[in-house]
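Asker: Before I ask anything, here is the structure I am working with.
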Amino acid sequence: MLRTPVGARRLDILEWLKDPARHFPPQWHGDLVEDGVTASAIAAKMGVRRRVADTHLGLLTSLGVLRARRIRWHVYYQRDEMRIAEVARMFEKGW
């Protein structure tokens with residue numbers, strides 16, 4: 001289950017990151033929209049341990065639909081809209 005790219009939790013993460021200011025509280029460091037959302041905030045929203053969230057975020061990052069950026073001692077995640085559009089076009093064409 002963890003190796004499948006599509007899953008309800010992963011789709012939730014992508015949906016939340018579409019409008020992070022609406023779905024996450026403000027962060028101490030970094031702007032939700034410009035910098036992204038920390039793994040800890042995503043884990044809290046999912047109601048799981050950080051390690052579980054890291055697994056989901058790692059897969060989405062390796063697929064290229066999320067970008068990860070380190071600021072100080074935290075990693076911030078954002079959607080990669082260009083890659084998401086590219087993947088959507090591949091599925092529309094029948095892969």
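Read-outs: derived from the displayed coordinates by stated rules, not from any lab. These figures come from a predicted structure and were not determined experimentally. Please note: Cβ atoms are built from the backbone with ideal geometry, for glycine as well, and neighbour counts cover all protein chains shown.
Asker: Could you work out the helix-only [θ] at 222 nm for the chain, with each DSSP H run of four or more residues adding -39,500 (n - 2.57) and the total divided by the number of residues, to the nearest 500 deg cm²/dmol? Walk me through the numbers on the way to the answer.
Answerer: Values: 5 runs with 49 residues, N = 95.
Taking each H run of at least 4 residues, the total per residue is -15000 deg cm²/dmol.
Asker: Also, quick follow-up: Please report Lys45, Lys93, Lys18 as a ranked list, fewest other C-beta atoms within 10 angstrom at the top and most at the bottom.
Answerer: Result, fewest neighbours first: Lys93, Lys18, Lys45.
Asker: Next question, about the same structure. Could you state, as a whole-number percent, how many of the C-alpha pairs of the chain are farther apart than 24 Å?
Answerer: Percent of Cα pairs beyond 24 Å in the chain: 17.
Asker: While we're here: If you take every residue apart from Leu17 with its C-beta less than 14 Å away from the C-beta of Leu17, what net charge results, scoring Lys and Arg +1 and Asp and Glu -1? Could you put the intermediate results ahead of the total?
Answerer: Details: positive: Arg9, Arg10, Lys18, Arg22, Lys45, Arg67, Arg69, Arg79, Arg83; negative: Asp12, Glu15, Asp19, Asp31, Glu34, Asp35, Asp80, Glu81.
Summing Lys/Arg as +1 and Asp/Glu as -1 gives +1.
Asker: Find out how many positive minus negative residues lie around Leu32, taking Lys and Arg as positive, Asp and Glu as negative, among other residues whose Cβ is under 10 Å from that of Leu32.
Answerer: After counting each charged neighbour, the total is -3.
Asker: Stretch Glu86-Ala68 to full length: gain in nm at 0.36 nm per residue minus the Cα-Cα span? Don't skip to the end; give the middle numbers.
Answerer: Working: separation 18, 0.36 × 18 = 6.48 nm, distance 1.85 nm.
Extra length available between Glu86 and Ala68 comes to 4.6 nm.
Asker: If you take the square roots of the eigenvalues of the alpha-carbon gyration tensor of the stretch 27-69 and sort them as a ≥ b ≥ c, do you get rounded (a/c under 1.5), prolate (a/b over b/c) or oblate?
Answerer: Oblate, because a/c is 1.5 or more while a/b does not exceed b/c.
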